[in-house]
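Engineer: First, the structure itself, so that you have it in front of you.
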Amino acid sequence: MIFERSLVRELVNTASAIFIALLTIVLTIALVRVLGQAAAGQVDNAAVLALIMFAALNNLPVLLQLAVFVAILLTMTRSYRDSEMVVWQSSGLGLQRWLRPVLLFVVPVSAAVAMTSLFVAPWANQQASEFRARFEQRTEVARVAPGQFRESADGSKVFFVEGFDPSTASVQNVLVNTIRDGKVSVIVSRTGVVERHANGDEFLVMSNGRRYEGTPGKPDYKVMEFEKYGVRIESKNPDFSNDDSAKIRSTMDLVADPLPRAKGELVWRIGLPLSVIALAVLAIPLSFVNARAGRSANLIVALLVYFVYNNAMNVVQSWTSRGRFAFGLTWWIVHVLVIAFAIGMLTWRNRVPQTIRSRIRAARLAHSA
């Protein structure tokens, strides 16, 4: 049917434009956040681009969900504003005829959201977690970006290196500032190397440098020259298998896990593709434009309904994670209620034009009589 093909084409074009705009916003926010973390020495500079991509993949289901909802809303609102819907209803056709083309557009998107939320987003979260964990387990010196000061985990040391060679674990022009028992120790050296002992301890061994030690505000500073000087550094060994964060676990692991927290995450992942279909049906009656109420009133109401729906999903997920409600009830109850509400509104919107046409027909008959 020409109408269905035209509507699907318009929905695809509108949704694509909205999705690109939303994705640009998400990428910009992720870029600013990750660059700030890299500047602070919290993530590896070489992993910035990968972390941004992982953040985009994690937000992809929600972006598709919102893009589909807004696209249907804007497309049908335009039909009301351009009086196309008046002609449509005057021809005796109801809003239920819009369900088929809308679902033809939504079902493939819902399948893509299901694949992303169930498999792609958990994988992206796991990869981002491993990137961060690998960086955290590196030695304190290895985590220092050349030309930047880096504080140790316990706050007792500050490192600065001008250059670092990961292949040989050597540093150039290194400075180590240590505070202990009220005394300040500053060690400077042209070269140094990271050495690992048999017991697993790691030391930064510096060569041909100087050490300045004393109490701030007192003239008791000591200056010592050394050929070799070792400073113990800390290193963390990550264990990815013991990470219990539900967001980075695969969907199959969550299905096999009987704990409420795993089921709560599963409720959210299953709910995203279901919400795409529910929001698509809901957007049809919400797109009605009342000329007396203003052109943007329906959009405001629709966005409020969207936020209420998403908050309800978050609440149900939280209740499931805490064990208040069973998973067999929470994964579908909110979406069924929203679809029932949408069908009720759709039925009511269909009856209103029929009632108006009946009154006009009755008035004409009375006038002619």
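The values are calculated or read from the model by the stated rules, or taken from the named source; none is laboratory data. Owing to the predicted nature of the structure, the values given are computational and were not obtained by experimental measurement. Note that each Cβ is placed from the backbone with ideal geometry, even for glycine, and that neighbours are counted across all protein chains shown.
Engineer: From the residues in the stretch 160-201 that are surrounded by fewer than 14 Cβ atoms within 10 Å (Cβ to Cβ) and among the aliphatic types (A, V, I, L, M), which one is farthest from the chain's Cα centre (by Cα)?
Structural biologist: So the residue we want is ALA198.
Conditions tested, residue by residue: (1) modelled with pLDDT under 90; (2) farther than 20 Å from LEU11 by Cβ; (3) not charged (D, E, K, R); (4) not assigned by TED's automatic domain parsing to the domain that holds ILE343.
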position: MET252; (1), (2), (3), (4): no, yes, yes, no
position: ALA256; (1), (2), (3), (4): no, yes, yes, no
position: GLY264; (1), (2), (3), (4): no, yes, yes, no
position: ARG269; (1), (2), (3), (4): no, yes, no, no
position: LEU272; (1), (2), (3), (4): no, no, yes, no
position: VAL281; (1), (2), (3), (4): no, no, yes, no
position: ALA302; (1), (2), (3), (4): yes, no, yes, no
position: VAL305; (1), (2), (3), (4): no, no, yes, no
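Engineer: Output the residues belonging to the stretch 245-280 that are small (Gly, Ala, Ser) and under 25 Å from PRO108 (Cα atoms).
Structural biologist: Correct list: SER250, GLY271, SER275, ALA278, ALA280.
Engineer: Which of the residues spanning the stretch 17-37 are touching a residue at least 24 places away in the same chain (Cβ under 8 Å) and more than 13 Å from the chain's Cα centre (by Cα)?
Structural biologist: Within the stretch 17-37, ILE18, PHE19 qualify.
Engineer: If we scan the stretch 164-183, do we find a residue that is at pLDDT 80 or above and more than 30 Å from ARG132 (Cα to Cα)?
Structural biologist: Yes, because at least one residue in the stretch 164-183 is at pLDDT 80 or above and more than 30 Å from ARG132 (Cα to Cα).
Engineer: Can you tell me which of (1) at pLDDT below 75; (2) over 27 Å from ASP44 (Cβ atoms) is the one TYR212 doesn't meet?
Structural biologist: (1)
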